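In what follows, a structure is listed as C-alpha cells, so that the remarks can point back to it.
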Amino acid sequence: MSQDSTSIEKSHQQHIEVAPAPEAQHEDDHITQFPNRWSRFRYLIREPAAEFLGVCVLIIFGTGVDCQVVLSTNTGVASGPRGEYISINFGWAIGTAMGVWTTFVAYIVQKVTLALAVYRGFPWKKVPIYMISQLFGGIVGAALVYANYFHAISIFEGGDGVRTLKTAGLFSTYALPYMTNVSCFFSEFLASAVLLVVVFALNDRKNTPPPSGLAPLLLFLLILGIGASLGMETGYAINPARDLGPRLLTSMVGYGKAVYTFRNQYWIWCPILGPFLGALAGGAFYDAFFFTGAESIFNKPNAEARKRHLHAANTQRPHMPSGADAV
C-alpha cells in the first residue's frame, strides 16, 4: 500500500473515532419553545395572566387582613381582636411584594401602567388589556376572600342576608366622615404621587437602582410607609384596580348600589381619578427634574437637536413593576 493510501486510511479511521454517537448529541439541539399547543397559548397570554395573578395575590393578602382585623373585634367571630391598624399596613405591603414576586413580569398597579405609557414608552396598545386583567384580578381576589370570611361577615352584620357599608369597607375604600371631598381627593393624589416618584427612582439606573431581585422588598417598604403615614383618612387605595375590582365584587354579592352612591359617586373621583392624576403628577415631577433617559417625553430632542441628530442617552426600561397598579 502506498504512503498516500496509508495516510488516507488513517485519516478515515480518525474521523470515525471522533464522530459523536447519535445518543451523545447535545440535548439543547432539540429544545423548542413550544412543545405543545398549550405552551404556545401560554406564551400569548403570559403578560395579561401575570397582571391578573399579581393583583389577585395583592387583594387576597390586603382584603384578607382587613377582614381578620376588623371582624375579629366581634366576640361572635373571635375571642379577641386579631390585629391592629399596623397589621393592615403590613398585610397590604406584603400583598404588594408577594404579588410582584409571584409574577415578576407584572406591574399590578393600573396607575403605574398608565404612567409608564406616558413617560417611559410602554406600548399604548397593551394598556387596555393590562388594566382589564388587573381589574379582573381584583374581582377574583376579593371573591376568594369574601367566600373565606362569608360566615364571619354575616355574624358581624347580624344576619346572613345583611350587607352594609360596615363591611363593604373591608374590600374597597371609604373616607372617614370628617373628610371633605377635596381633602379625600388630595389624600389619594398625594399618596399616589409619592408612590410614583419612588417607583421611578427605583427604576432609574442612574439613581442607585436596587440589586436584582430586591425590588419586591423595596415595594414592601414603600407601601408599608405610605399606609403607616398617609393611609388613615381614605384607606389609601392608590391603585384603581385595588379599589374598583373589590367594589364590583361587593355590588355583586348583595351590598347593592350603596357602594357607588356613597358620597356622590366617591368611587370615581377619589380612588380612581385621585391615583391616576397623582401618578401622572409624580411621574412628571421626577422626569422634569431628575430623569435623563431618552424615552421620557421631557427629554425629547427639540428642533435644534433634531437638526444635529442629537438625542438623550437611552436607558434600560424598567423590568420591575414600579410598584407597579402595586398596589
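Values as computed for the structure displayed
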{"read-out": "Nonlocal amide H pairs with Arg163, under 5 Å, H built at 1.01 Å", "value": "none"}
{"read-out": "Residue-wise HN-Hα coupling along the stretch 155-160, computed from phi with Karplus coefficients 6.51, -1.76, 1.60 (Hz; x: Gly, Pro)", "value": "5, 4, 7, x, x, 5"}
{"read-out": "Local electrostatic count at Lys166 - Lys and Arg +1, Asp and Glu -1, tallied over other residues with Cβ under 14 Å", "value": "-1"}
{"read-out": "In nm, spacing of pseudo-spin labels at Arg306 and Val127 (7 Å Cα→C-beta vector)", "value": "2.2"}
{"read-out": "Cα-Cα over 25 Å, subset of Lys126/Lys206; Lys125/Lys206; Lys126/Lys307; Lys125/Lys307; Lys126/Lys300; Lys111/Lys166", "value": "Lys126/Lys206; Lys125/Lys206; Lys126/Lys307; Lys125/Lys307; Lys111/Lys166"}
{"read-out": "Total formal charge among the other residues, if their Cβ is under 12 angstrom from that of Lys300, Lys/Arg +1 and Asp/Glu -1", "value": "-1"}
{"read-out": "Table column - 3J(HN,Hα) (Hz), the stretch 171-176, Karplus curve with 6.51, -1.76, 1.60, x for Gly and Pro", "value": "10, 10, 9, 9, 6, 5"}
{"read-out": "Pairs of Cα atoms farther than 31 Å apart, the stretch 50-307, %", "value": "24"}
{"read-out": "Listed residues Gly161, Thr73, Ser251: farthest to the positive end of the dipole of the stretch 50-307 (Cβ charges)", "value": "Ser251"}
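Any read-out appearing in this document is the output of simple, stated calculations on the displayed coordinates, not a laboratory observation. Since the model is a prediction, treat every value here as computed from it, not as a measurement. Glycine gets a Cβ as well: all are built from the backbone with ideal geometry, and neighbour counts include every protein chain shown.
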